[in-house]
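Data first, discussion second: the structure below is written as structure tokens.
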Amino acid sequence: MSLTLDQFLNRFVLQPPLSASKSVISGRRAAVLVPVIAGAEPGLLLTRRSSHLRKHAGQVAFPGGMQDATDDSLIHTALREAEEEVGIHPAQVSVVGVLPPVTSSTGFAVTPVVGIIPADLPLNINPDEVESTFAMPLAEALRLSRYSGLTLRRGHRQHQVWLSWYEDYFIWGMTAGIIRALSQQIALP
């Protein structure tokens, strides 16, 4: 299956997200940039977090983090964090929209901000936060059948966690859930 950038954009813009956001008790907010690489074969830019981090060390993630008091919006948060983590300047991102917030395992309401970035964009990785980056073909990332669900129990509550492999990368948890939600919204045949 192939997917052009125009097909992705048309489907993203014309189809609303499937789920409404849930209220977040803590009020703690964060955002991630979901960078779609505009190339002959569009891709999704992902990071592997530094193994030295206290939380989520070594996990595959999107660039992002907690909203600062100085951030004008959650879109600003995602763009600021992407610049801090991988050196993508906000002017290099064409924001096309947001997905409904998801609740992280640490209690944050995380808003995924979908943005288009140029192909072959030179990155400046911050080694304190990011170990490496990789691109996953967008058509492959959005193939819904690649995600397997696992139901976890914490106390008396259950929640669904999504899992997937791409090459040597294990994509799971919130990151896999965000990609899966984007896949559901795009609804490729």
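The HN-Hα couplings worked out from phi for segment 30-36 by the Karplus form 6.51 cos²θ - 1.76 cosθ + 1.60 (θ = phi - 60°) are 8, 8, 10, 8, 9, x, 8 Hz, whole numbers, x standing for Gly and Pro.
Once amide H atoms are placed 1.01 Å from N in the peptide plane, what residues at a sequence separation of 5 or more from residue 116, or on another chain, have their amide H within under 5 Å of its amide H? Placed amide hydrogens put 36, 94, 95, 96 under 5 Å from residue 116.
Over all other residues within a Cβ to Cβ distance under 15 Å of residue 135, the charged ones net out to -4, with Lys and Arg as +1 and Asp and Glu as -1. The share of accessible area on the chain that comes from carbon and sulfur is 52 percent, using a 1.4 angstrom probe. Taking the dipole about the Cα centre of the chain, with the C-beta of Lys and Arg at +1 and of Asp and Glu at -1, give me whichever of 116, 100, 137 is farthest to the positive side. Going by the Cα projections, it comes out as 100. What shape does segment 78-182 take by its C-alpha gyration tensor, where a ≥ b ≥ c are the square roots of the eigenvalues and a/c under 1.5 counts as rounded, a/b above b/c as prolate, and the rest as oblate? Because a/c hits 1.5 or more and a/b exceeds b/c, segment 78-182 counts as prolate.
Ordered from largest to smallest accessible area (heavy atoms of protein chains, 1.4 Å probe), the residues 6, 120 come out as 120, 6. Among 59, 67, 158, the residue with the largest mean-square fluctuation in a Gaussian network model of the chain, with springs joining Cα atoms closer than 10 Å, is 158. The helix-based estimate of mean residue ellipticity at 222 nm for the chain, built from -39,500 (n - 2.57) per DSSP H run of four or more residues and divided by its residue count, is -6500 deg cm²/dmol to the nearest 500.
Of the Cα atoms belonging to the chain, the radius of gyration and Dmax stand at 15.6, 48 Å. Summed over the residues of the chain and divided among them, the accessible surface reaches 53 Å² per residue at a probe radius of 1.4 Å.
The values are calculated or read from the model by the stated rules, or taken from the named source; none is laboratory data. Owing to the predicted nature of the structure, the values given are computational and were not obtained by experimental measurement. No Cβ is skipped: glycine too gets one built from the backbone with ideal geometry, and neighbour counts run over all protein chains shown. These area figures cover heavy atoms from the full protein model, side chains too; ligands, DNA and RNA do not enter into them. Shrake-Rupley method; radii C 1.70, N 1.55, O 1.52, S 1.80 Å.
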